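The values are calculated or read from the model by the stated rules, or taken from the named source; none is laboratory data. As the structure is a prediction and not an experimental result, all values here were calculated from the model. Positions of Cβ are backbone-derived with ideal geometry, glycine not excepted, and every protein chain shown enters the neighbour counts. All accessible areas refer to the heavy atoms of the entire protein, side chains included, with ligands and DNA or RNA removed. Shrake-Rupley method; radii C 1.70, N 1.55, O 1.52, S 1.80 Å.
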Amino acid sequence: MFLEYLEDCALKSLEGKGIAYMIDTPFAMRYIMWVFVAHFLIYLIVKRKNFSIKVYLPYFLFALYFVLLCSFTILPIEFPGIYEPTINTNFSLEPLLYAFTDRTNLINIAGNIILFVPITILGTIAGIKIFDKLYTTLLFSLFVSLILEGIQYFELTHGYTLSAVVDIIDVLTNVLGGLLGWLLIKFYQKNHNSLLKSEKRKI
């Protein structure tokens, strides 16, 4: 597996000395940005005659935010796994009941919702077909959220991190965020198109 490969690399580089190697979001983004730059240059060369920033930019922003979303939820990771394997899970829905009475729960729930709003907005603007319909948007949000929670569970049980929590409420609020983003962009598009049509009629 990819994580095991990274751990082997870390162990070889340590040579039995020093501390564990940690991958954090700023470190990862320094290298990821170069991938985006390389992709842009290749795309520009291939599509030099038909290049359109209006077409490319939405896809770029969607991909960039998707990477940021993944980095924010699964990092930092320490190699080799230096923690005692622990399972830090929460499958209770009680925090939802006390969300408006507990400031910490409210911030956590609001943050999880807001985290997934841009991904469906940017995906819809980019014209990605999966965001054309509501049910496929919800399935996408659910699938991504479950994958991220699964990765966090793996990190916890193998001692790569102590900061992650596998939480059913994260999944529910992530899906709700995806739904909210889809509704917002569809509402904007509907009203924007209606406004353009009314202006054409006046002309």
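Structure notes:
- Matching residues, the range 36-61, being of a type outside the set (Phe, Trp, Tyr) and not in a helix (DSSP H, G or I): Lys47, Arg48, Lys49, Asn50, Ser52
- Where a residue in the range 58-79 is farther than 14 Å from Ile23 by Cβ and its partner, wherever it lies, is open to solvent by 50 Å² or more (accessible area, probe 1.4 Å) and modelled with pLDDT of 90 or more, with Cβ under 7 Å and at least six apart: Pro58/Ile125
- When restricted to residues that are touching a residue at least 60 places away in the same chain (Cβ under 8 Å), surrounded by fewer than 17 Cβ atoms within 10 Å (Cβ to Cβ) and over 20 Å from His192 (Cα atoms), the range 101-129 contains 1.
- Pair list, Cβ under 6 Å, 6 or more apart: the range 24-46 residue farther than 21 Å from Leu69 by Cα and free of Cβ contacts under 8 Å to residues at least 12 places away in the same chain, other residue open to solvent by 50 Å² or more (accessible area, probe 1.4 Å) and not in a helix (DSSP H, G or I): Leu44/Phe51
- Residue within the range 62-73 that is part of a loop (DSSP other than H, G, I, E, B) and either open to solvent by 40 Å² or more (accessible area, probe 1.4 Å) or modelled with pLDDT of 70 or more (or both) present: no
- Search result, residues across the range 130-160 that are touching a residue at least 24 places away in the same chain (Cβ under 8 Å) and of a type in the set (D, E, K, R): Glu155
- Within the range 95-106, not a single residue is at pLDDT 80 or above, within 19 Å of Thr137 (Cα to Cα) and in a helix (DSSP H, G or I).
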